[in-house]
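Worksheet: the structure to be examined is printed underneath.
The values are calculated or read from the model by the stated rules, or taken from the named source; none is laboratory data. In this text, all values refer to a predicted model and were calculated from it rather than measured experimentally. Note that we place each Cβ from the backbone using ideal geometry, even for glycine, and neighbour counts take in every protein chain shown. SASA here: full protein model, heavy atoms, side chains in, ligands and nucleic acids out. Shrake-Rupley method; radii C 1.70, N 1.55, O 1.52, S 1.80 Å.
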Amino acid sequence: MARSTDLPRMESQSKARKAPAQEAPSIVPAPEPLPKPAKPMIRQYDLVERVRAYNPNTDEDLLNRAYVYAMKAHGEQKRASGDPYISHPLEVAAILTQHKLDDATIAAALLHDTIEDTEATRAEIDHLFGKDIGHLVEGLTKLKRLDLVSREAKQAENLRKLLLAIAEDVRVLLVKLADRLHNMRTIEHMPYEARRRVAEETIDIYAPLAGRIGMYELREELESLSFRELNPEAHKVTSERLEALAARHRDLIAEIEAQLTRKLANRGIEAVVKGRRKRPYSIWRKMERKAVGFEQLSDIFGFRVVVKGVPECYQALGVVHTTWPVVPGRFKDYVSTPKQNDYRSIHTTVIGPGNQRVELQIRTEEMHDIAEYGIAAHALYKDEAGSPSELLSRESNAYAWLRRTIGLLAEGSNPEEFLEHTKLELFQDQVFCFTPKGKLIALPRKATPIDFAYAVHTDVGNQAIGCKINGKIAPLASELQNGDEVEIITSKAQAAPPAAWESLVATGKARAAMRRATRQAVRTQYAELGRRIVERVCQRAKRDYSDDSLIGALPRLARHSIDDVFAAVGRGEMKASDVIRAMYPDYKEERATATPSPEPGWFGLKKGKAVKFKVPGGRDKDQAIPIRGINSDLPVRFAPDGGAVPGDRIIGIMTPGEGITIYPIQSSALKDFEDTPDRWLDVRWDVDDDVPQRFPARIAVQSVNEPGSLAQIAQVIAEHDGNIDNIRMSRQSPDFTSVTIDLEVYDLKHLTAIIAQLRAKPMVAKAERVNG
């Protein structure tokens, strides 16, 4: 990577990570070895002393038994570094002692790999250490036998299992994050491909999870280690720039700290002011997001002001704003409006000494603890009623949010969708918007009113047709900003959201709900089609149809509900005759082969002798399925080569998994279905004259090859209210050009009028309708 004034930007985070993977490992710069810890591997007695330091009543016997069991279970197993495997669970447990976690969590950390990597069983863990610890260890165990196609599917199923365990007990997540942190600290010992895979998973899922429960210190370290692995040169260049900048501004940082401390003290505000610089990954992400170079960043350095209480937060803010000019648009009050992960601070940016932009975070000591350690900052060892997990549930809004999110993610998506939605939910910063009644809705950055609608309620999202932002009509694709008041306009006439909306949303909840609504709408269409087919087959067989009769036949059809039966018939997975036979065992189907009759206006069924019935316009309408168009309640499409329009005599062909394809009776394509009479459906037009719809048709025009001929053809169609979908042209000779036009018309009369007007043009040699 060239070292230039502006660091190379990533087009997207995912693309930046994946691009190097396409090259041979030998030409990808390997990350520099991570610095080795100066201290030796932690010992068990050191671990116990760490726990006793914050919990004098610790169950030392439990911790020792867990250590001995894990050591024996792992036996001679070695890590990739060559260290004894037991060193890993010890280090994981040691990381958790920094967050002052309870004995059960520390014991689970020591045991977390036993079920997955040794002969240990859940039953044995329950027996020796209790069901509480057994549950934690089980939640941390990956699924061993997954018969899934892709690695992403396996990853998604293991993640689903982990998240469901987290929803029951957040301590599972705390152990998992500590486990991942130690693995990332020692990642240089793993093979190249494994390193990239683990680093991608970490930056996509585990770092955002840490952020979502407020553990920013842990999140930043996970991001930094992953960034170093995935883009080592960018990490190196960014780090060098930061080091150089820190050296150049060292005196200025000290001056700002001293000035700010002195000014606050003069106003009687006791505060601790500490400057800090942002980490390389945070800088890189900001450059990528804002499309700016390193020199254009103004908030590489920030200062934290920690005061005694909430009143002092606002007093300190007043001192800052009356001392230095404020940068407009850079003020955020997360004290009065906390983030969903319990984060609280006042953010502001001012022009400080030396005309240097200074970013400030003002918070109390308690807010600072939660900002650094998140959900783990809540003291689990207090003498309060309830289990540690119950205390966490009561204390932490972040955990309540996480449980709600997991509940939404777990609803019925396939593995790949689940993984996608999880990343969408976790990997986003937030904006705060309000309903007209003042309810606060937190959404990810770049969220739209569609996301807002689904955050209010799934039905509101499904029925949304418009919105108002701050009292003004706005597009549903608008990007929401902090403080926006959003009103969603709904209509019960909209049963499912348009498919195009999926590209406009930023939340996994909205995307999952839209896909679910679309699947349900399609299933409803198939079920309605299946019902009509079954009812008409019953009529022709002179059998009475009732839902009660079909309910009694469900066991014979191996379906749970009549809707399941109808949907299967509508999709072509089950024959209507089989449904009739299940209701009436004595029913005998008359088999026949189908061919279009040469006699216009008739359709023939031939088995030894011809049987005729009238096609639309002359047959019994009660036995024909009404066709209204593409937007009806049936899964309908039209013949791909020529379409069909009202006024045509039509036949429906059942296509498994796709619904009905409508063909004009004169279509030559019907010959392809002569050997499958079960797929032929009796259909008729049922067009509402008060609600005109367009239908697809195709025409072939042979025009004189001269300038403006295509424009004249298009003008004729436009003047007669036709809509062109597609045009294909080919030169047949030096003098003539053949033009095939796919267009939409209201009916056969409309189409005939357009063709007649085209024929009247002197530059048109020939114009006719095309039927495939």
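What the table below lists for this structure:
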quantity: Residue that is nearest to the chain's Cα centre (by Cα), among those in region 474-518 that are among the acidic types (D, E) and farther than 16 Å from T458 by Cα; calculated: E479
quantity: In region 491-518, residue surrounded by the most Cβ atoms within 10 Å (Cβ to Cβ) [restricted to those that are under 20 Å from L634 (Cα atoms) and not aliphatic (A, V, I, L, M)]; calculated: P497
quantity: Subset of region 80-117 (residues that are farther than 15 Å from Q44 by Cβ, modelled with pLDDT of 90 or more and not in a helix (DSSP H, G or I)); calculated: H112, D113
quantity: Residues within region 322-337 that are farther than 10 Å from F432 by Cβ and part of a loop (DSSP other than H, G, I, E, B), tallied; calculated: 9
quantity: Given (1) at pLDDT 85 or above; (2) open to solvent by 20 Å² or more (accessible area, probe 1.4 Å), index of the condition T676 fails; calculated: (1)
quantity: Leading residue by the ranking (modelled with the highest pLDDT) among those in region 348-360 that are part of a strand (DSSP E or B) and either open to solvent by 20 Å² or more (accessible area, probe 1.4 Å) or of a type in the set (A, V, I, L, M) (or both); calculated: L360
quantity: Helices (runs of 4 or more DSSP H) contained entirely in region 190-245, each with at least 2 residues that are open to solvent by 20 Å² or more (accessible area, probe 1.4 Å) and over 23 Å from R277 (Cα atoms); calculated: 192-201
quantity: Options R363, R344; residue that is more than 15 Å from V273 (Cα to Cα) and not in a helix (DSSP H, G or I); calculated: R344
quantity: Of all residues in region 322-347 being under 19 Å from Q259 (Cα atoms) and out of contact with any strand residue (DSSP E or B) (no Cβ under 6 Å at 6 or more places or on another chain), the one that is least open to solvent (accessible area, probe 1.4 Å); calculated: T323
quantity: Qualifying residue in region 259-277 (condition: open to solvent by 30 Å² or more (accessible area, probe 1.4 Å), modelled with pLDDT under 80 and either in contact with a Gly (Cβ under 8 Å, 6 or more places away or on another chain) or closer than 26 Å to R185 by Cα (or both)); calculated: yes
quantity: Checking I488 against (1) in contact with a Phe, Trp or Tyr (Cβ under 8 Å, 6 or more places away or on another chain); (2) surrounded by fewer than 22 Cβ atoms within 10 Å (Cβ to Cβ); (3) not polar (S, T, N, Q), the condition it does not meet; calculated: (2)
quantity: Top-ranked residue of region 679-688 - restricted to ones that are under 22 Å from G657 (Cα atoms) and either part of a loop (DSSP other than H, G, I, E, B) or aromatic (F, W, Y) (or both), ranked as modelled with the lowest pLDDT; calculated: D682
quantity: Residues of region 640-666 that turn out to be open to solvent by less than 10 Å² (accessible area, probe 1.4 Å) and in a loop (DSSP other than H, G, I, E, B), as a count; calculated: 3
quantity: Of all residues in region 743-772 being among the charged types (D, E, K, R) and without any contact (Cβ under 8 Å) to a residue 60 or more places away in the chain, the one that is surrounded by the most Cβ atoms within 10 Å (Cβ to Cβ); calculated: E744
quantity: Contacts under 6 angstrom Cβ, first residue in region 192-214 being in contact (Cβ under 8 Å) with a residue 12 or more places away in the chain and closer than 17 Å to Q340 by Cβ, partner open to solvent by less than 30 Å² (accessible area, probe 1.4 Å) and small (G, A, S), 6 or more apart; calculated: I213/G374; I213/A398; G214/G374; G214/A398
quantity: Residue within region 494-508 that is over 14 Å from D451 (Cα atoms), of a type in the set (G, A, S) and assigned to a loop (DSSP other than H, G, I, E, B) present; calculated: yes
quantity: P734 over 27 Å from I627 (Cβ atoms) and outside any helix (DSSP H, G or I); calculated: yes
quantity: Qualifying residue in region 729-741 (condition: farther than 20 Å from Q666 by Cβ, surrounded by 15 or more Cβ atoms within 10 Å (Cβ to Cβ) and of a type in the set (K, R)); calculated: no
quantity: Where a residue in region 56-69 is at negative phi and its partner, wherever it lies, is part of a helix (DSSP H, G or I) and open to solvent by 50 Å² or more (accessible area, probe 1.4 Å), with Cβ under 8 Å and at least six apart; calculated: T58/R52; E60/R52; R65/L128; Y69/L128
quantity: Checklist (1) in contact with a helix residue (DSSP H, G or I) (Cβ under 6 Å, 6 or more places away or on another chain); (2) within 26 Å of S81 (Cα to Cα) applied to E233, failing item; calculated: (1)
quantity: Residue in region 689-705 that is open to solvent by less than 50 Å² (accessible area, probe 1.4 Å), aliphatic (A, V, I, L, M), part of a loop (DSSP other than H, G, I, E, B) and at pLDDT below 90 present; calculated: no
quantity: Residue in region 752-771 that is in contact with a strand residue (DSSP E or B) (Cβ under 7 Å, 6 or more places away or on another chain), of a type in the set (S, T, N, Q) and assigned to a strand (DSSP E or B) present; calculated: no
